[in-house]
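Here the structure is laid out as structure tokens; the discussion comes afterwards.
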Amino acid sequence: MRRYPILAAMTVLAVVMLFPFVIVTFNAFKTPAEYSAGSPLSPPQGLNLDGIIAFWTRVDFGEKLLNSLVISGSVAVLAVVLSVLNAYALGIGRVRGRLWILVLFLVANTLPQEALAYPLYYLAKAAGLYDSKLAVIIVFTVIQAAFGTYLLSAVLGEFPREILEAARMDGAGRFLALWRIVVPISRPTLSVLVIFFFIWTWNEFFLPLIFLVSNDTQTVPVALGVLQGEKYMDATMSSASALLGIVPAVAFFLIFQRTLTRGITVGAIK
């Protein structure tokens with residue numbers, strides 16, 4: 001009997017969370033006249049794509065979508081690779097000063113991005129990387145890898161030593177053991193990190209707003225924010241922009257939902 005109150009509470013929570021997305025979807029497919037005549041909560045009378053098409057054309061959304069995909073995908077892969085290398089040294093290699101290094105990574109995760117904006121801006125200027133996707137990729141790779149290193153160090157710290165000893169006796173070096181043994185066994189956890197890093201980077205707004213000032217380098221969140229602040233849009237086009245900004249991240253999550261669930265389940269069993 002205890003399951004039913006929990007199920008009811010989860011159902012109410014799901015409805016509350018999905019309600020804003022439903023309203024945005026309704027208004028994205030309305031005409032301005034239909035929106036003005038009716039309630040924002042009412043469903044559209046038809047499938048009107050004018051707001052979506054107008055917004056896509058105005059901001060060149062295809063280019064912004066490609067920029068976000070390149071940046072988020074690159075950061076997700078590079079941050080996981082860097083996290084694995086760092087965690088392999090800290091969790092399995094047991095380098096000297098391991099505890100203090102992990103504390104440093106933990107402190108780095110707690111720093112607000114506002115505190116990083118000023119030094120990173122001048123570093124990017126000095127390196128000639130300002131207003132380039134590469135600068136954002138480097139910055140977020142380091143930021144995400146700090147969290148990934150902290151997490152994976154705890155995971156690899158419990159890695160069975162017997163397996164590594166057996167590999168060493170068979171002639172496997174450190175990098176071969178990492179590639180052939182540690183990475184395959186840790187693949188569910190690494191898959192979860194890739195998904196989280198991609199979604200986190202996709203939704204970033206503050207630092208990309210500072211680093212990406214040209215129209216052809218902006219990401220989806222930056223394009224949405226800049227357009228809302230500088231150019232007039234009616235309610236239907238604003239809803240269309242919000243819908244287009246949400247759909248790619250939701251689609252990515254749904255595509256890799258099974259991988260995410262499997263990774264979390266395997267981690268819990270271990």
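The values are calculated or read from the model by the stated rules, or taken from the named source; none is laboratory data. No experiment lies behind these values; they were computed from the predicted model shown. A quick note on method: Cβ atoms are made from the backbone with ideal geometry, for glycine too, and the neighbour counts reach across all protein chains shown. When the accessible area is computed, the model is the full protein with side chains, heavy atoms only, and any ligands, DNA or RNA have been set aside. Shrake-Rupley method; radii C 1.70, N 1.55, O 1.52, S 1.80 Å.
In table form, for the structure just shown:
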quantity	calculated
In the stretch 121-138, the residues that are within 22 Å of V77 (Cβ to Cβ) and either in contact with a strand residue (DSSP E or B) (Cβ under 9 Å, 6 or more places away or on another chain) or open to solvent by 70 Å² or more (accessible area, probe 1.4 Å) (or both)	L134, I138
Leading residue by the ranking (nearest to the chain's Cα centre (by Cα)) among those in the stretch 84-97 that are of a type outside the set (F, W, Y) and assigned to a helix (DSSP H, G or I)	V84
Test for V266: is it open to solvent by 30 Å² or more (accessible area, probe 1.4 Å) and modelled with pLDDT of 85 or more	no
Pick from the stretch 1-51, criterion charged (D, E, K, R) and open to solvent by less than 90 Å² (accessible area, probe 1.4 Å), ranking: farthest from the chain's Cα centre (by Cα)	E34
Residue within the stretch 56-67 that is in contact (Cβ under 8 Å) with a residue 12 or more places away in the chain, in contact with a Ser or Thr (Cβ under 7 Å, 6 or more places away or on another chain) and farther than 30 Å from G173 by Cβ present	yes
Meets criteria (modelled with pLDDT of 90 or more, of a type outside the set (S, T, Y), part of a helix (DSSP H, G or I) and open to solvent by less than 20 Å² (accessible area, probe 1.4 Å)) for L207	yes
Flag for V80 being more than 30 Å from S153 (Cα to Cα), among the β-branched types (V, I, T) and crowded, with 20+ Cβ neighbours inside 10 Å	no
Residue list for the stretch 212-230, filter: part of a helix (DSSP H, G or I) and surrounded by fewer than 21 Cβ atoms within 10 Å (Cβ to Cβ)	P221, G225, V226, L227, Q228, G229, E230
Residues being in contact (Cβ under 8 Å) with a residue 12 or more places away in the chain and not in a helix (DSSP H, G or I) - total across the stretch 98-146	3
L65 at negative phi and modelled with pLDDT of 90 or more	yes
Complete set of residues in the stretch 88-102 that are closer than 22 Å to F140 by Cβ and open to solvent by 50 Å² or more (accessible area, probe 1.4 Å)	I101
Hits in the stretch 147-179 (condition: open to solvent by 20 Å² or more (accessible area, probe 1.4 Å) and within 16 Å of F105 (Cα to Cα))	F147, Y150, L151, A154, V155
Matching entry among S68, S72 (being within 30 Å of I181 (Cβ to Cβ) and crowded, with 19+ Cβ neighbours inside 10 Å)	S72
Number of positions in the stretch 106-120 that are touching a Phe, Trp or Tyr at 6+ places or on another chain (Cβ under 6 Å) and either open to solvent by less than 50 Å² (accessible area, probe 1.4 Å) or modelled with pLDDT of 85 or more (or both)	1
